[in-house]
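Below: the structure, in structure tokens.
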Amino acid sequence: MGAHVTRRDLLRTSLGAAAGLALTACGDGGPAIPLADNAKVRLPEYIPYQGITPDLPGTLEVLDGHLHYPAEPVTAFPGGPPAKGPAISIMTMTFSPVPPPIERNTYWQALNRSLGTKLRLEIAPIADYPSKFPVIIAGGDLPDAMAVRQEIPQRPAMLNALFQDLSEHLSGSAIHEYPYLANLPTASWRTTVYNGGIYGLPMPRASVGSVMFYRADRMREKSLDPNVRDFREFRQLCTELNDPRRSRYALGDPLTTLYFVLEMLGVPNQWRETQGRFTSWLEDERLPQGLDAVRQLAQAGLLHPDAFSVAGKFKDWFGSGQIAIHYDGNAAWNDFYRRYAQDTPGFAIDGMLAPGFDGGPGTHWTGASSFAMLAFKKAPRERIRQLLRACNALAAPFGTDAYKLRKYGVEGVDHELNGADPILTPTGGVETTVPTIFITDSPMSLYFPENPDVVPAQHAFQKRAAEVLVRDPSEGLYSETDVTVGGPLMETMRNELKAIMQGRKSVSSWTHTMRSWRRESGDRIRSEYERYWESINR
Amino acid sequence: MSTATHIDIPGQTPSSAPWRAAKSVILLICCLLVAVPFFSIIATSLADTRQVTEAGGFVLWPDRPTLDAYQAILAGGLVSQALTVSVGVTAVGTALALLSSVTLAYGLSRPGTFGHRPTLMILLFSLLFTPGVIPSYLLIKQLGLINSYWSLILPTMVNAFNVIVLRSFFLSIPRDLIDAARIDGASAGQILRSVVVPLSRAAIAVVGLFYAVSYWNAFFNAMLYMNESAKWPMQLVLRTYVVNNSAIGPGEAAVAGATLPPSQALQAAILVLSIVPILIVYPFLQRHLRKGVMIGAVKG
């Protein structure tokens, strides 16, 4: 056993547990800081990385496309490892299987050597992170940095009490010292502003974060045109793809199908802001029309028979051809080819953009600019600088040797070169699951070393989607009610939406459901967002 | 299989052949309901990517058996290490839990033991009011047990329900036997070792299995207390694979990843690995279990 324990320790521990919650967890949060202070925060200057010319140049909304990795990657840190110093502990999450421990992980060891320090990661599965986070906060003994997700309540007070304001290191031109962090889009930094300061580093994600995928091979097989011009044509396309006798259906997840139809209708992305007044997508007058449209698709048998009863199977249904159209994250594009192309000759997918419901252009909802943020425990200035240098290295962009190491590991162990392109080996696939993308990251880029021919299609989709992007105006704002009760309430709303689409409830019942949402907390969430918006915009 | 012979049980009317056949069919269906998912898990773990995806994740017979899923999860050694951790925690935890529970239950079964009543009250109190997650975490932290295997063993070492089960059994042992041993000069420890424990093997086996299964299945404490994945037990590793099955939404997907077997095959392979040790132990305890489950069954 570790420490020597006296009876007094035991007594103090057991009796002080409850009190410790209040005292240790939040400490003295200090006086409330006016929201208006957030308006005064100078965000880091945006200095795009110019060290490499992409094959398919992007914009702020469109990701750069790269057909091949540079044969001579740029040396990210000519002066040697940038973050020399004591080990750095970081608590973060993962979607992937857990990586092998550092002692048996060549990739992790090489990453540490390149940084000049030892990264000690406390990794929790993504679903367990919300359970673990408050416990660690209550324990008081924080790691050097922690991923702070959007679901964490009392965020401003917690950040003020326990975490470092990084403004003096990052604000405005101060970011020049960390050029790879300066390469992160400004929109992603907005999500890190609290208490009149910059309280973390973003984990940037693509503006065009989602794609309505379709199986291009099945379209070709049936000589169908995926470029539908309105909902009627979309429905016709689905009908022609549907083949229930062979257990082949057009669509899977009813909810994402609804989102796609709402994009056709121009329904707001979460919220619409008009002169400081917020309207939720749940109250939009076009939502019942969208529900009715998906209900018709379901009644026509165009959705997989299990679509309303299962979760987490849609990806496999799409990959195996059981459904032909599927809404997913942008990064799933490469993943589909990796997982399914091997066993399906001619496997091909592409992205479909929502047309206007009755013709004309539709819209495309942006994803979150940042997945979460990485906050630093309060520490002396030099320690904070070391942490920032390490994170700057973890944000080294495509084309650098540091990026290649971070994503593809060590040559000969984690990847083999095909020309200049690193192809992950099975060992690499396991070792590189160290979740650096949930610490911070460079801006995403379109690159698929196993199949570069896919990249132009990805880039073309991004360009088309960027023209009709609709942002979520609540991003970067904070509503305590939304954080605490918004999640479970939204789950209830999703169930109601599904009940209507499945035909278990009438479309007209939505008005009542929406009113109860407003009563329960919708109106409170709205007013909190409006108050926040006003404080920083007026 | 030996030929079944019909035995007349007094007071019971012999059932007709069709009814016996119907009962056999019902029992067969029940057996299949248990066996098919079990077999399917093994089959899925051995099936290749194509078959798993075509079958929607539920394979009954692997057409082209492959060990890819096992190779993938054993690469890097995390699963094998997690198995070692689980076996170690379960073995040490169960042994210590049995030692503490048997001695505590024996003490509580002897009226007149020092502090008998307050101890029993404290035990019953812990049955009704369990500590919350955060107080438990603070206690473990103050004890310096974060990232220590003891944090997986100590918090669940004494289970009030199991102690009460053992105490009930010890109370049913004839007092005369214990008095006789005392007259022969045996100490309390000797009585426990030489009289009580040998007579209570069935109860101890059942409680031992309860402890072993709870140690084997526990993942939450490891998630809270173990910072290094190298020290994770099997169930937490299994959970990360299960969680990994969640659909990837907009903007939250990972970037790189090699071609792994389908997630259902990986989950099935870990499930198989995680149940094998308990399956190995079970036949050795079965003899005691049959007696053990009858504890208290005919008590008024």
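Taking the condition of being closer than 24 Å to A:A206 by Cα and modelled with pLDDT of 85 or more, how many residues in the range A:316-330 meet it?
Residues flagged as closer than 24 Å to A:A206 by Cα and modelled with pLDDT of 85 or more within the range A:316-330 amount to 8.
A:A161: within 14 Å of chain B (Cβ to nearest Cβ), more than 30 Å from A:L60 (Cα to Cα), in a helix (DSSP H, G or I) and more than 24 Å from the chain's Cα centre (by Cα), yes or no?
no
Which helices (runs of 4 or more DSSP H) sit wholly inside the range A:331-435 and have at least 3 residues that are more than 30 Å from B:R50 (Cα to Cα), among the hydroxyl-bearing types (S, T, Y) and away from every other protein chain (no Cβ under 13 Å)?
none
Could you say whether any residue in the range A:122-133 is of a type in the set (S, T, Y) and without any contact (Cβ under 8 Å) to a residue 40 or more places away in the chain?
Yes, there is a match, as at least one residue in the range A:122-133 is of a type in the set (S, T, Y) and without any contact (Cβ under 8 Å) to a residue 40 or more places away in the chain.
List the pairs whose first member sits in the range A:99-116 and is in the same structural domain as A:I439 (by TED's automatic domain parsing) and closer than 20 Å to A:P81 by Cα, whose second member is of a type in the set (S, T, N, Q) and buried (at least 17 other Cβ atoms within 10 Å of the Cβ), and whose Cβ atoms are under 7 Å apart, counting only residues at least 6 apart or on separate chains?
Close Cβ pairs satisfying both conditions: A:Y107/A:T432.
What number of residues within the range A:288-307 are within 25 Å of A:L265 (Cα to Cα) and either within 11 Å of another protein chain (Cβ to nearest Cβ) or under 25 Å from the mean Cα position of the chain (by Cα) (or both)?
2
Condition first: without any contact (Cβ under 8 Å) to a residue 40 or more places away in the chain, more than 30 Å from A:R215 (Cα to Cα) and in a helix (DSSP H, G or I). Can you find one or more residues in the range A:449-461 that meet it?
Within the range A:449-461, none of the residues are without any contact (Cβ under 8 Å) to a residue 40 or more places away in the chain, more than 30 Å from A:R215 (Cα to Cα) and in a helix (DSSP H, G or I).
If I ask for residues that are of a type outside the set (S, T, Y), more than 7 Å from chain B (Cβ to nearest Cβ), out of contact with any His (no Cβ under 8 Å at 6 or more places or on another chain) and closer than 17 Å to A:P254 by Cβ, which ones from the range A:314-330 would you list?
A:A324, A:I325, A:H326 - these are the residues of the range A:314-330 that are of a type outside the set (S, T, Y), more than 7 Å from chain B (Cβ to nearest Cβ), out of contact with any His (no Cβ under 8 Å at 6 or more places or on another chain) and closer than 17 Å to A:P254 by Cβ.
A:I88 - would you say it is touching an Asp or Glu at 6+ places or on another chain (Cβ under 6 Å), within 28 Å of A:V62 (Cα to Cα), aliphatic (A, V, I, L, M) and away from every other protein chain (no Cβ under 11 Å)?
No.
Quick one: B:V213 ticks every box in (1) part of a helix (DSSP H, G or I); (2) closer than 30 Å to A:D141 by Cβ except a single one, so which number is it?
Condition not satisfied by B:V213: (2).
Which of the residues belonging to the range A:58-85 are surrounded by fewer than 16 Cβ atoms within 10 Å (Cβ to Cβ) and either within 14 Å of chain B (Cβ to nearest Cβ) or under 23 Å from A:Q458 (Cβ atoms) (or both)?
Passing the criteria: A:T59, A:L60, A:H68, A:A71.
Hey, among the residues in the range A:236-254 that are assigned to a helix (DSSP H, G or I) and crowded, with 18+ Cβ neighbours inside 10 Å, which one's nearest to the chain's Cα centre (by Cα)?
Only one residue tops the list, namely A:P254.
Is it fair to say B:L108 is assigned to a helix (DSSP H, G or I), modelled with pLDDT under 90 and more than 14 Å from chain A (Cβ to nearest Cβ)?
So B:L108 does not fit the description; no.
Of the residues in the range A:65-81, how many are part of a loop (DSSP other than H, G, I, E, B) and touching a Leu at 6+ places or on another chain (Cβ under 7 Å)?
The number of residues fulfilling the criteria is 1.
The values are calculated or read from the model by the stated rules, or taken from the named source; none is laboratory data. Since the model is a prediction, treat every value here as computed from it, not as a measurement. All Cβ positions, glycine included, derive from the backbone under ideal geometry; neighbour counts span all protein chains shown.
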